[in-house]
Every structure is written in structure tokens, then in C-alpha cells.
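S.K.: Next up is a structure, given as C-alpha cells.
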Ligand SMILES: [Fe+2]
Ligand SMILES: [Fe+2]
């Protein structure tokens, strides 16, 4: 398996070959028509498979799919903002000099374009970006833990996002603009994910064996909480309210506890969890 240092120049080449311009990549329709077409694959809608979803007629489901995709684009955009600043802070360091930093420039460039793309969609068609909910609590770090935590966060937003991108990019039922945004995102993310997985694997091998039992437990507790709270973003009361459902908070609570939704989250997280187990960042599967 190639190391991150070996991967970096190849990924840099690929980024240059596939370079794209966010301002000319899309034809933005004048308006979209919520309620008349799908904007998210119905099976990906946060309350799919629940009584609340079954009780909606098709037009109401389509309207909900519009706000759900606006929410999805909103929190991916907010996930990319600290990602960009974190990547910039890691450029031109002793351990990232040369090809790694060169690739980080492309990583940042692509994430910046993703933010522009998602922001344009949300602002144009929904007139807003749903505000982010995450609060960042101060933490103590063992040696190497701050960088490892940062790349875990990167991987979580990118892997979960990619699960949705992959399903939507080729879904003929949904609005073509949305399918295309998912596709464009997936193509860049495939490189980011390949790089991130390898870099994190190497960092885990370098630092985790030296952590104490308490440090390992503290880290794993944080990682599980972070993953679960990332899933919380998918169940936004404001989305349910905008789609005309009564009591958005109750809908969120119902969906977070619903066995169908929990099984979906476990399935969508499986690749990510397998990876964390494989590289020694988790000892056990979390409960969704
Ligand atoms: Fe992205
Ligand atoms: Fe990315």
C-alpha cells in the first residue's frame, strides 16, 4: 500500500488533470420546483421508513426532499470551513513539507470550491444556509492526538457525505443539478478520502501505541460522540418545519430513536467504523 508521501504527487497530478471552475461548471436554473420532483433520493430522506414519512403524500415527500438536500449541503459546507483552516495550518510544517503540502494546496482549493458550490445552491433556491449547530469544547490532547482528531473529523464529514453523494449522483429520479453537484463533489472527495485514510493510518500507527489506557479511552469516547453528533446534523427540526411538518423537534427525536433510522445510520457508517477499527482508533462498534 502506498504511503501518504507516495500518494501525494499522484493525487496532485490527478487534481491538475481534473481541474474545474466552480463559476462555469453549472447551469443554474432560474428556479426549482419543490413538491414536483425529487431533490434527494427518497431512501436517503432522514425520516424514510417511519410512520411520519408514510403519512405524507408524494408531493409533501418531494418538498421534504428539497429541504433535506439544502440541509445536507449546508452542514457539509460548514464541515468544510474548519477543514480548510485546519489544512492550511498544517501546510509547510516539518512533517508536511514538499509533496504533502503541494497536495494540501489542491485539497484546500477543492474544498473552497465545494463551499462556493453548496452555498450558491442553498442561497439561490432556499434563500438561506441552515445555521450550524456544532459547539466546540476545549480538550486536552495526548501526543499526536490533536492532529489525529482533526483528520478523524475530516474523514467523518467526507465519508458520510460520500455515502450520500454516491447514491444521489446517478439517481435518475432527482433534479439533474443536484445529481451533478453530488457527482462533482464525489470526484474530488475520492482523492481526499484516499489521502486522508492513509495519512490517518500512519499517524495512528505513530502515536496511538504510546498513549496510556486512559488516553485511549478518552479519545475513543470523544470519537464516538463526534460521530453520533455528526449524525444529529441530518435530523434538523428547521427542515421539518420548512417542509410543513408539525413539531420539528418531536420529528427529530422520533427519528433519532426509530429502529429503521438507527439501522440506516449504522449501515451508512459501516465503512467508516470498519476503518477506525482496522487502524486501531476504535476498539468496539458504537451504538447508533
Ligand atoms: Fe468537499
Ligand atoms: Fe473533501
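Read-outs: derived from the displayed coordinates by stated rules, not from any lab. All figures in this text were calculated on a predicted structure; none of them were measured in a lab. Ideal geometry is used to build each Cβ from the backbone, glycine not excepted, and the neighbour counts take in all protein chains shown.
S.K.: Translational diffusion coefficient of the stretch 23-66 at 37 °C, 0.692 mPa s, Stokes-Einstein with Kirkwood Rh over Cα pairs, in µm²/s as a whole number.
M.R.: Details: Rh = 11.5 Å.
Result for D is 285 µm²/s.
S.K.: Please state, as a whole number in µm²/s, the translational diffusion coefficient that the Stokes-Einstein equation yields for the stretch 182-260 at 4 °C and 1.567 mPa s, with Rh defined as the Kirkwood radius across alpha carbon pairs.
M.R.: Using the Kirkwood radius from Cα pairs, D works out to 81 µm²/s.
S.K.: Report the label-to-label distance for residue 109 and residue 13 in nanometres (one decimal), using points 7 Å from each Cα along the Cα→Cβ vector.
M.R.: 1.7 nm
S.K.: While we're looking at this one, here's another question. Please report, largest first and rounded to whole Å, the three semi-axes of the ellipsoid equivalent to the stretch 4-278, where each semi-axis is the square root of five times an eigenvalue of the C-alpha gyration tensor.
M.R.: Details: eigenvalues 213, 115, 44 Å².
Square roots of five times the eigenvalues give 33, 24, 15 Å.
S.K.: Please give the length that would be gained between residue 229 and residue 183 if that part of the chain were fully extended, namely 0.36 nm times their separation in residues minus their C-alpha to C-alpha distance (nm, one decimal). Write out the running numbers ahead of the final one.
M.R.: Values: separation 46, 0.36 × 46 = 16.56 nm, distance 2.58 nm.
Going from the current span to full extension adds 14.0 nm.
S.K.: Taking other Cβ within 10 Å of each residue's Cβ, how do 288, 118 sort, fewest first? Kindly include the intermediate steps, with their values, before the conclusion.
M.R.: On the way: 288 17, 118 22.
Fewest-to-most Cβ neighbours within 10 Å comes out as 288, 118.
S.K.: Each label point is 7 Å from the Cα along the Cα-to-Cβ direction; what then is the distance between the points at residue 124 and residue 253, in nm?
M.R.: Computed distance between label sites residue 124 and residue 253 equals 3.9 nm.
S.K.: Another one. In nm, what is the difference between 0.36 nm times the number of residues separating residue 93 and residue 206 and their Cα-Cα distance? Intermediate results must be reported in sequence, preceding the final value.
M.R.: Values: separation 113, 0.36 × 113 = 40.68 nm, distance 1.70 nm.
Length gained, residue 93 through residue 206: 39.0 nm.
S.K.: Working from Cα positions, state the angle (0 to 90°, nearest 10) between the long axis of helix 248-257 and the longest principal axis of the chain.
M.R.: 60 degrees
S.K.: Calculated from DSSP H runs of 4 or more alone, at -39500 (n - 2.57) each and per residue, what is the 222 nm mean residue ellipticity of the chain, nearest 500?
M.R.: Values: 10 runs with 191 residues, N = 288.
My calculation for the chain gives -22500 deg cm²/dmol from helical runs alone.
S.K.: Based only on other Cβ atoms within 10 Å, what is the fewest-to-most ordering of 258, 23, 192? Please report the intermediate quantities before stating the final value.
M.R.: Numbers: 258 18, 23 10, 192 23.
Ordered from fewest to most neighbouring Cβ atoms within 10 Å, 258, 23, 192 come out as 23, 258, 192.
S.K.: Could you tell me the relative contact order of the stretch 4-278? Use alpha-carbon pairs under 8 Å, at least six residues apart, and round to a whole percent. Intermediate results must be reported in sequence, preceding the final value.
M.R.: Working: 259 pairs, mean separation 70.6, N = 275.
Value for the stretch 4-278: 26 percent.
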